[in-house]
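First the structure, in the form of structure tokens, and then the observations on it.
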Amino acid sequence: MNNLSNLTLVETVEGIKSKKFSPSEVLSSYEERIKRSKKLNCFISETLDQAKKEIKKINIGQNNLALLGAPIAVKDLFCTSNVKTTASSKILENFVPTYESTVTQKLWDQGAILIGKLNCDEFAMGSSNETSYFGNVINPYKDGKETLVPGGSSGGCASAVSANLTVATVGTDTGGSIRQPAAFTGIVGLKPTYGRCSRWGIVAFASSLDQAGPMTKDIKDSALLLEVIAGFDSKDSTSINTNSSFFFKNLSKQIKGLNVGIPKEYRVDNMPKEIDDLWSEGIKILENCGAKIHSISLPHTKYALPTYYIIAPAEASSNLARYDGVRYGHRESGRDLIEMYENTRSRGFGDEVKRRILIGTYVLSSGYYDAYYLKAQKVRNLIKKDFDDSFKKVDVILTPSTPSAAFKFGEKKDDPISMYLNDIFTVTANLAGLPALSLPIKHNSKNLPLSLQLIGRPFDEQTILNVGYAIEQEVKFKRSISDWWM
Ligand code: GLN
């Protein structure tokens, strides 16, 4: 069998458990593809040699393990014990943690094997993977001859799943970093409810917004992986102790009678026709499945992006204060302590990270704190309240995932505002702490994937997964890429 890397996570684990193929055979098929896919620049570190040793220790009899023998690469934002963790930054270029993040530990506890660490935007700040110190990641989808961005910040994750370089992965999402790259590469991305998955051991960007979540080939895989990584963790003070859920077992495409909200404020100015049409198609599909459609209003949506771009940099500026050349990673020399700090931080961080630190420090400084940061926190509450009100009437909200399909390199790089506009449909779920899922629906006239987003009530990932599952059965989306980079 040489096309094992085409299989989904669920199919892979089932095949291993029923002895159709061995974990080593699965690993070799991924190894072969990873070696021939350097052009995509998905990996910052590969751990294939270690994986080959680990795989020998797998006991095929362990049928109770949910991810038995699954080769998985993760975003290079998760600390992995004895494996370099860079956050795609020069400042952490040689940082080797002595501990393992809770989320990744849960993968290995269920029998998965680490095969590498995936490229992303520096400190997860970006929407195109163009801010990584380790270079751009390339989208396996192309526009004619032109290569495209994979989205960001989990661009390496998205391209790696889409190009079958890992069977599934975990990314992080602060304002859209799982869903937007998933949309650009034709895969499924799920940002869980804030507090559902532990943030312990994940390099922090904006602590009140960050969440880890699955990026997978389909909805079943998403449900399975979420089941594995979710759960209370006493090491994360924002982790919430809810009953564990069996997302995979409870997956059902029966959505008859479900109430779906269509927020009118998401019909933004200059929305491309293909996105508008995609949204209408999604509505029709749900109607055909027996769901009831309601127009709803989320009046504070227009403030979401500015609110996000105050709160996220404010938290980032505080979180990134720890990179001072003393405690972590890279250090530059200087004539005295202050100059050492200055040199380390000015040479260690890239431009986008510095921009965020400057904005964040500004909005937190005395005199501006009330005008910007406090105001943004108040607006954040109003945004959350809009959702609370809507969820009294509807069970799930349907929107596009992104305002466009994947774009070209350089197209938005020098214009931060147009880059930030990419997050227009995704940041609201982070601000309100809600679970949200992006799933691919179809290809546009240029053969690029277009995706829809489902937003759910807090801790109701099951409903968005079920609705996603129902849509998936209808649209039967199949990624259409040719392995041109191999
Ligand atoms: N693109 C957004 C930003 O640059 C979101 C990033 C993320 O979710 N990590 O902040």
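In region 60-71, the residues that are of a type in the set (V, I, T) form Cβ pairs under 9 Å with partners that are at pLDDT 85 or above, at six or more places apart or across chains, as follows: I60/I16; I60/K17; I60/K19; I60/S22; I60/P23; I60/L68; I60/G69. Within region 59-82, being of a type in the set (V, I, T) and surrounded by fewer than 19 Cβ atoms within 10 Å (Cβ to Cβ) holds for one residue alone: I60.
Okay, residues lined up against (1) among the basic types (K, R); (2) over 16 Å from A158 (Cα atoms); (3) in contact with a strand residue (DSSP E or B) (Cβ under 7 Å, 6 or more places away or on another chain):
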position: R33; (1), (2), (3): yes, no, no
position: L77; (1), (2), (3): no, no, yes
position: G111; (1), (2), (3): no, yes, no
position: D121; (1), (2), (3): no, no, no
position: G135; (1), (2), (3): no, no, no
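Take I338 and decide whether it is farther than 20 Å from K384 by Cα and surrounded by fewer than 19 Cβ atoms within 10 Å (Cβ to Cβ). Yes; evaluated as a whole, the condition is true for this residue. The set of residues in region 413-444 being closer than 19 Å to I359 by Cβ, more than 11 Å from the ligand (Cβ to nearest atom) and touching a residue at least 60 places away in the same chain (Cβ under 8 Å) consists of K413, L431.
In region 111-133, the residue that is nearest to S28 (Cα to Cα) out of those that are away from the ligand (no atom under 14 Å from the Cβ) and in a strand (DSSP E or B) is I115. Of the candidates K253, K235, the single residue that is over 25 Å from Y469 (Cβ atoms) and more than 16 Å from the ligand (Cβ to nearest atom) is K235. Pairs are defined by a Cβ separation below 9 Å, a sequence spacing of at least 6 or placement on different chains, a first member in region 350-371 that is more than 16 Å from the ligand (Cβ to nearest atom), and a second member that is polar (S, T, N, Q); the pairs so defined are T361/S317; T361/S318; Y362/S317; L364/S317; L364/S318. Which of the residues belonging to region 15-44 are in contact (Cβ under 8 Å) with a residue 24 or more places away in the chain, outside any helix (DSSP H, G or I), among the polar types (S, T, N, Q) and surrounded by fewer than 19 Cβ atoms within 10 Å (Cβ to Cβ)? S22, the sole residue that qualifies. Would you confirm whether any residue within region 53-68 is among the hydrophobic types (A, V, I, L, M, F, W, C), modelled with pLDDT of 95 or more and within 16 Å of the ligand (Cβ to nearest atom)? There is no residue in region 53-68 that is among the hydrophobic types (A, V, I, L, M, F, W, C), modelled with pLDDT of 95 or more and within 16 Å of the ligand (Cβ to nearest atom). The set of residues from region 340-349 being more than 16 Å from the ligand (Cβ to nearest atom) and in contact (Cβ under 8 Å) with a residue 40 or more places away in the chain comprises T344, R345, R347, G348.
Which one is nearest to the ligand (Cβ to nearest atom), of the residues in region 280-302 that are crowded, with 17+ Cβ neighbours inside 10 Å and under 18 Å from A429 (Cα atoms)? Checked region 280-302; the qualifying residue nearest to the ligand (Cβ to nearest atom) is T301.
Among what's in region 175-213 and is small (G, A, S) and in contact with a strand residue (DSSP E or B) (Cβ under 7 Å, 6 or more places away or on another chain), pick the residue that is nearest to the ligand (Cβ to nearest atom). Break it down stepwise before answering.
Going residue by residue through region 175-213, those that are small (G, A, S) are 175-177, 182-183, 186, 189, 195, 198, 201, 204, 206-208, 212-213.
Pick out the ones that are also in contact with a strand residue (DSSP E or B) (Cβ under 7 Å, 6 or more places away or on another chain) and you get 177, 182-183, 186, 189, 201, 212-213.
Details: S177: 3, A182: 12, A183: 12, G186: 19, G189: 11, G201: 16, A212: 11, G213: 11 Å.
Here the residue is S177.
With respect to the stated conditions, A51 fails to be part of a loop (DSSP other than H, G, I, E, B) and of a type in the set (G, A, S). The residue that is surrounded by the most Cβ atoms within 10 Å (Cβ to Cβ), counting only those in region 158-174 that are away from the ligand (no atom under 15 Å from the Cβ) and farther than 13 Å from S222 by Cβ, is A160.
The values are calculated or read from the model by the stated rules, or taken from the named source; none is laboratory data. Quick caveat, the model's predicted, so the values are computed rather than measured. In this analysis, Cβ positions are derived from the backbone assuming ideal geometry, glycine residues included, and neighbour counts consider all displayed protein chains.
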